[in-house]
Structure formats: C-alpha cells, structure tokens
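Taking it in order: structure first as structure tokens, then the write-up.
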Amino acid sequence: MKKLFPLLTLVLLSGCNLRVLDPASDSAEKITDLIYVSFAIMMLVLAVVFVLFVLFIRKYKERPETSDYIPKEKKENKLLEVTWTVIPFLLLAILAVPTVKATYDITSKMSDLSESEPEEAVVVDVEAKQFRWEFTYENGKTTINELVLPKDQKVTFRLTSTDVIHSFWIPRLAGKMDVRPNKENRLSFVPRVTGTFQGKCAEFCGTGHANMRFETKVVTQEEFESWLATE
Ligand SMILES: [Cu+2]
C-alpha cells in the first residue's frame, strides 16, 4: 500500500481537463464513437486471447502421468493458419470502414476549400506563435488565448503560424490540426454544448509549449453576438 500511494497520487494528479471522451461538437462525437468501436474490438480480442490462454494452460499442464510425453511433431495446419489470418483481416476491415467514413466526414468539413463559407458560419483566423494564440474575428475583434463561439453554429478556423509548427487542439470539440507557417490549414465543427473547454498546443514547439493553452467558451448565439459587438 505504501508503494501504491505515490503511484495512485500521480495518476490522480495527472488528470487534466483535456477530456477526449466527453464530446461537445459534431466532429468530436464522431471521433469519440471511433474510440469506442476500437476499444470494443480490442476488448473482444483480449477476451478471446485470455480465455484460450487459461484453457491451454490448464489443458496442457504437465501432470505426473504425462511427464514423459513428447508430442508428435507437426508440419503445418492449413485450417489454423487460414483462421488466424482471416480473423485479424476481418477485424481490421470492420475497424477501417467507420474510420475512413468518419475521417472523410470530418475532413470534408475542414477543407471546404471553396473560399465562400456559408453566410451563417463564423470564421476565425488563428495565428499561433511561440507561445500564444491570437484569434481574429471577421469584424476585426482580436483576443489572445481566449475563444468565444456560438452554440449550434458552424465555426471555421483558418490556421497559420508565424514561426514553427504548432497544433490546434480542443479535445472536446475537435481533433488536432497542424498549424504551419506559410500554409493555411482549416478546421470546422459545430459546437453542441455551452460551457468552457480547454484548448492546447499539441505539437512540441519550444520551451513555452506547455503554457500554450487557451480557453474556448461556447455561449448562446445572442450572447455571442453581443460579445462580438463589444470592444
Ligand atoms: Cu505550440
């Protein structure tokens, strides 16, 4: 117990607000679903392997009456070989279909490269620099390390960096997106829940990387409009 205590403390203290399994936007929901599917398949494999493991240990355990038994040498077993080739293939196929589908769903939204965003979409220019985030809204309003977004409205970020490669990540709202100098990347999602969500640079970018955090407040559309109108 004495040895366990520091370990337990460490585990508890390492808990942070970057919760991937608590989605608050349309794309985050898709990513969370994928994590659950992968986890379910993993648990299935684990269960089968462990059951076989225990059964085999019991069945082939050395006993007094079998201690001098030497099994016959076998060259090959077609059926077994096909089985353990086909099963992983099927599992990967099952995993691949939703993964590819979700990836396309999310990225088609991200890249919507037609310059024209729908009227109702909020567009935010994001400029990453060592070590802070600068957000500029369409009316020119600028904030540092603080994002405010309207609920149930599509938001598109245009991401650039003034120095090195950073990564824009709000775990409860979207997957990571690289932020590169001299190249604009885009990311879109629709926030579905109001609240405050932690964002972070997810690409080691220098000594101040750990402090490159920002806060995202999702508010109602009216609150957003009035916030945007103030200086
Ligand atoms: Cu960074």
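Details
- Stretch gain in nm, segment Phe56-Phe204, where the contour uses 0.36 nm per residue and the Cα spacing is subtracted: 48.7 nm
- Distance violations [Cα-Cα > 32 Å] among Lys101/Lys154; Lys129/Lys154; Lys151/Lys176; Lys101/Lys217; Lys75/Lys101; Lys74/Lys101: Lys75/Lys101; Lys74/Lys101
- Full extension of the segment from Ala229 to Thr194, taken as 0.36 nm per residue of separation minus the current Cα-Cα distance, would add 10.6 nm.
- Proximal aspartates and glutamates relative to Lys200, as straight alpha-carbon distance under 20 Å, when same-chain residues fewer than 8 apart are discounted: Asp22, Asp26, Glu29, Asp125, Glu127, Glu134, Glu146, Asp163, Asp178, Glu184, Glu215
- In terms of packing, defined here as the mean over residues of other Cβ atoms within 10 angstrom, the peptides 165-173, 204-212, 39-47 line up highest first as 165-173, 204-212, 39-47.
- Taking the accessible area of region 142-199, probe 1.4 Å, and keeping the other protein chains in place, the carbon and sulfur fraction comes to 44%.
- Relative to the dominant Cα principal axis of the chain, helix 4-13 is inclined by about 30°.
- Accessible area per residue, Å², region 80-231 with all protein chains present, probe 1.4 Å: 53 Å²
- Sorted on the mean count of surrounding Cβ atoms within 10 Å across their residues, most packed first, peptides 130-141, 65-76, 183-194 read 183-194, 130-141, 65-76.
- Using the Cβ-Cβ distance between Thr9 and Glu138 with R0 set to 41 Å, the FRET efficiency from 1/(1 + (r/R0)^6) comes to roughly 0.30.
- Distance between the pseudo-spin-label points of Glu222 and Asn77 (7 Å out from Cα toward the beta carbon): 7.0 nm.
- For the pair Glu215 and Val37, label points projected 7 Å from Cα toward Cβ lie 3.6 nm apart.
- Here the sum of -39500 (n - 2.57) over DSSP H runs of 4 or more residues, divided by the residues of the chain, equals -13000 deg cm²/dmol at 222 nm, to the nearest 500.
- Longest to shortest principal axis, alpha-carbon extents of the chain, angstrom: 88, 50, 34
- When Asp33, Asp26 are compared by accessible area at a 1.4 angstrom probe, the order from most to least is Asp33, Asp26.
- The chain, relative contact order in percent, only Cα pairs under 8 angstrom and at least six apart counted: 22 percent
- Label zone (Arg19, point 7 Å along Cα-to-C-beta; backbone nitrogen cut-off 14 Å) within region 160-176: 171-173.
- Ellipsoid equivalent to region 115-231 - semi-axes via the Cα gyration tensor, in Å: 22, 15, 13
- Dipole of the chain, positive end: most advanced residue of Gly208, Val123, Leu34 [Cβ charges, Cα centre]: Leu34
The values are calculated or read from the model by the stated rules, or taken from the named source; none is laboratory data. Keep in mind that what you see is a predicted model, and the values were worked out from it rather than measured. All Cβ positions, glycine included, derive from the backbone under ideal geometry; neighbour counts span all protein chains shown. The protein model used for the area step is the full one, side chains on, heavy atoms only, and it has no ligands, DNA or RNA in it. Shrake-Rupley method; radii C 1.70, N 1.55, O 1.52, S 1.80 Å.
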